[in-house]
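Q: Let me give you the structure first, and then I'll get to my questions.
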Amino acid sequence: MPDVPEKLTKPYEPSLTESRIYKLWEESGFFNPDNLPCANTSNLKPQTFTVIMPPPNANGRLHAGHALTIALEDIMIRYNRMQGKKTLWVPGADHAGFETQVVYEKKLEKEGRSRFKMDRQDLYKEIMEFTLESKKNMEADVKALGASCDWSREKFTLDPSVVSEVQETFRKLYRDELVYRGYRTVNWCTKHQTALSDVETETTEKNDKLYYIKYGPFVVATVRPETIFGDVAIAVNPKDPRYQKYIGQTIEVTHPENTLKLLVIGDDEVDREFGTGALKITPAHDHNDFRMSETHKLPRVEVIDQFGKLNDKAGKYAGMKIAEARVKVVEDLQSLGLIEKIEDYTHAVPSCYKCNTVIEPRVMPQWFIKMAPLAKRAADAVRAKEVRFVPDNFEKIFLYWMDNTIDWNISRQIVWGIQIPAVICKICNKGDLDTNTPAGTPCPCRGVFVADTDTFDTWFSSGQWPLLALGYPNTKDLSYYPTQVMETGRDLIFKWVPRMVIFGLYLTGKAPFHTVYLHGMVNDKQGKKMSKSKGNVVSPIDLTTKYGADALRISLVVGNTPGNDLSLIEEKIKGYKHFCNKIWNATRFVLTNIGNTTLDTERPSLSLRDEEIFKELDSVVVSVTTHLESFRFHLAGEKLYHYFWNTFADTIIEEMKPRLAEDGDSKKSAEWILLHILSINLKMLHPFMPFLTEEIWGMLPSSKNPLIIEPWPKYSPQ
RNA sequence: GGGCGAUUAGCUCAGUUGGUAGAGCAAUCCGUUUACACCGGAAAGGUCGGGGGUUCAAGUCCCUCAUCGCCCACCA
């Protein structure tokens, strides 16, 4: 019996293989496309294949969804690398502005500290230290999963070059009049003390009361009686015969604290069927009412401050929190006989997606991006099929989003982020680029321009990520742009994907990727979303330790169709660990039975039955290749699994056993068949199960290059 | 109120252009034959959510209903 490596005589043990093999790959340099054979041999420009990794948040460990991302992207990358393409996968880390700030604030809270009592610079420095430390852990997790990405090109969203380019984009938008300083209602979180974009709010069902309040000749229905001090008008539908006669009149309304003069306006937006058909207008604390104040030129009276308390406009209610004031105001209105009735009412209320605090719309000066023209270009590109979606029904969702944009508030009142390169006047709220107007310049309003301390919404920088990750505007790597595939979670179809398309088109005229592959969410075994509060979070690193990265990877991919959610079932991973061992044991059998046959041994003459075996293998190669080209990774993986186990191991090996016991040509050809089928299987399995296959590849007699750069099998060897 | 997805074997899910239903796990029986018990073999298990339609043929296309899930939404 020929010698087989000692480790092959025992069951497969991933922990003895994985970190060693990863190191081998790193040292080979093949993660970097500049070192690939195709980069150095041909004088022709080799075809490139590029994927930009969605940069994981550098504020914790990877979760199960990341593992799916890594598995899918690494499959694409390894497959295309083996196809001989100049293949680049750029890793990154996201500072994740508000997300990280929230994580860090929780940490501060536990220590009995508060960001509001800290110096901006000190806070920034602390979060930076925390982030850089977390970043290391996150990167170790990415490596543990086997990601064959080019670490020499890794980017962090707070790298100085990234920061300055993000700021430059803002300046360009400003010059192109696509960014403006607006004074409008924004989504204000009273806990986190910052404005949020619409995608950072979550609507939750709330049971409230609907109060019918007498307003002079009207009765208006409202859930927010505490805002009556900010009322400036009553709106009715102009077609409503009940109220038509009042339109244009000013009516006097008595409240507990004061008497208001309210203009009656007619507006088609008012639903005649809801409530009483008459609506009180509070422009400073309601997005709708604000819009009406624009069309009808109404004043805006602020009555709630940044902490969610009533201000002195509310007289004796000043200083009270919203909930408390509501109770008191209702009591007082009732004693004045001004409440006609109170109904139970269930409605959807936007709240902060991090702390669930009800969002308070507040009028604030902030920077906004004009979305309509940018979104139109993105929609056009998608309609022209310059960008396609897998699965394709996401195209509809994307287009719906692009056709219904509202201007994007990019100012955040937090320190953790990229500072907006602007100056503002705190008196008149005018703003300008820092490069146009240096801080300290007097403002015509007799104020003075000071540096804006606000930071960008994190999606403003991540929206430019495909370019930033390639070092834009530095041209060295721009030959990799546009990239081929953007693979990410389906929840990012509106948070992230459109912004990347928009900025890619805006900055270069080209969409940043041709294909958007969206995977579903990885849920727990009951199909429930994983969350820390539910305590059902499963760490991919724990699973890797227990079953091996290969088993985890392929179990996440097989049976998982794009766009659909996946239940993470440990039994399934265990099943694929068994598959790893099956491959391991089949290899042991082959290597102990092939005598002197090597990968270089010439093809012997084959029987008719042997030809059939290779014909079947050919059809597997064709089908696996087609599936991979068509993003059907789940089918490619399943096909390989069954071919290896049921056909190769159960049938072909068994069939060859008697021949191996003989002597002569039949034995020789049997040896050759076994080694070659094993070798072709290893190549095709490599993108799915890189560690195990690379380890075994190195044991095959006369294998030279590492498997990572072996050519993808096209057809059976002749 | 709108949109999307799902509904297939006990469980988790596949089933690409329509052509007589598949896998893993679980459960049943047999087997320890020198790659592997993290194994092999055998058998069992589904009127593909209901109803209609198109077709020679439908899990697959169309309509409709039901249930579940997700997302979006400015009727105060």
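The values are calculated or read from the model by the stated rules, or taken from the named source; none is laboratory data. All values reported here derive from a predicted model rather than from experimental measurement. Heads up, the Cβs are rebuilt from the backbone with ideal geometry, glycines too, and the neighbour counts pull from every protein chain shown.
Q: Tell me, which strands (runs of 3 or more DSSP E) wholly within the stretch A:252-362 include 2 or more residues that are surrounded by fewer than 19 Cβ atoms within 10 Å (Cβ to Cβ) and at pLDDT below 95?
A: In the stretch A:252-362, A:259-266, A:339-352 are the strands (runs of 3 or more DSSP E) which contain 2 or more residues that are surrounded by fewer than 19 Cβ atoms within 10 Å (Cβ to Cβ) and at pLDDT below 95.
Q: Right, next: So A:Pro361 ticks every box in (1) in contact with a His (Cβ under 6 Å, 6 or more places away or on another chain); (2) closer than 26 Å to A:Gln484 by Cα but one. Which box is left unticked?
A: Single failed check for A:Pro361: (2).
Q: Now, a different point. Keeping to the stretch A:191-230, report how many residues are among the β-branched types (Val, Ile, Thr), surrounded by 19 or more Cβ atoms within 10 Å (Cβ to Cβ) and either without any contact (Cβ under 8 Å) to a residue 12 or more places away in the chain or within 12 Å of RNA strand B (Cβ to nearest atom) (or both).
A: So the answer is 5.
Q: Same structure, new question: Only strands (runs of 3 or more DSSP E) wholly contained in the stretch A:381-497 count here; list those with 2 or more residues that are touching a residue at least 40 places away in the same chain (Cβ under 8 Å).
A: Ranges flagged: A:388-390, A:422-425, A:431-433, A:483-489.
Q: Would you be able to say whether some residue in the stretch A:674-687 is within 23 Å of A:Gly563 (Cα to Cα) and β-branched (Val, Ile, Thr)?
A: No, every residue in the stretch A:674-687 fails to be within 23 Å of A:Gly563 (Cα to Cα) and β-branched (Val, Ile, Thr).
Q: For A:Ser702, are the conditions met, namely being modelled with pLDDT under 95 and out of contact with any strand residue (DSSP E or B) (no Cβ under 7 Å at 6 or more places or on another chain)?
A: Answer is yes for this residue.
Q: Return the residues of the stretch A:1-35 that are free of Cβ contacts under 8 Å to residues at least 12 places away in the same chain, assigned to a loop (DSSP other than H, G, I, E, B) and within 13 Å of RNA strand B (Cβ to nearest atom); say none if nothing qualifies.
A: Selection gives A:Lys10, A:Glu13.
Q: State all residues of the stretch A:549-577 that are at pLDDT below 95, of a type in the set (Lys, Arg) and more than 6 Å from RNA strand B (Cβ to nearest atom); if no residue qualifies, say none.
A: Scanning the stretch A:549-577 gives a single hit, A:Lys574.
Q: Let me ask you something else. (1) part of a helix (DSSP H, G or I); (2) modelled with pLDDT of 95 or more; (3) of a type in the set (A, V, I, L, M): which one isn't true of A:Ala39, the others all being true?
A: Unmet for A:Ala39, out of (1) part of a helix (DSSP H, G or I); (2) modelled with pLDDT of 95 or more; (3) of a type in the set (A, V, I, L, M): (2).
Q: With the requirement that a residue be near RNA strand B (Cβ under 10 Å from one of its atoms) and in a loop (DSSP other than H, G, I, E, B), what does the stretch A:232-244 give you?
A: Result: A:Asn237, A:Asp240.
Q: If I ask for residues that are near RNA strand B (Cβ under 6 Å from one of its atoms) and under 15 Å from A:Ile673 (Cα atoms), which ones from the stretch A:578-587 would you list?
A: Residue satisfying the conditions is A:Ala586 alone.
Q: Considering (1) surrounded by fewer than 19 Cβ atoms within 10 Å (Cβ to Cβ); (2) touching a residue at least 60 places away in the same chain (Cβ under 8 Å), say which one A:Pro238 fails and leave the rest.
A: For A:Pro238, the failing item is (2).
Q: Among the listed residues A:Asn404, A:Asn409, which satisfies the condition of being closer than 30 Å to A:Lys117 by Cβ and within 16 Å of RNA strand B (Cβ to nearest atom)?
A: A:Asn409
Q: Filter the stretch A:521-548 for residues that are over 14 Å from A:His63 (Cβ atoms) and within 12 Å of RNA strand B (Cβ to nearest atom); which is surrounded by the most Cβ atoms within 10 Å (Cβ to Cβ)?
A: Going through the qualifying residues, I end up with A:Gly548.
Q: If you don't mind, another one. A:Arg61 - would you say it is modelled with pLDDT under 95 and either part of a helix (DSSP H, G or I) or of a type in the set (D, E, K, R) (or both)?
A: yes
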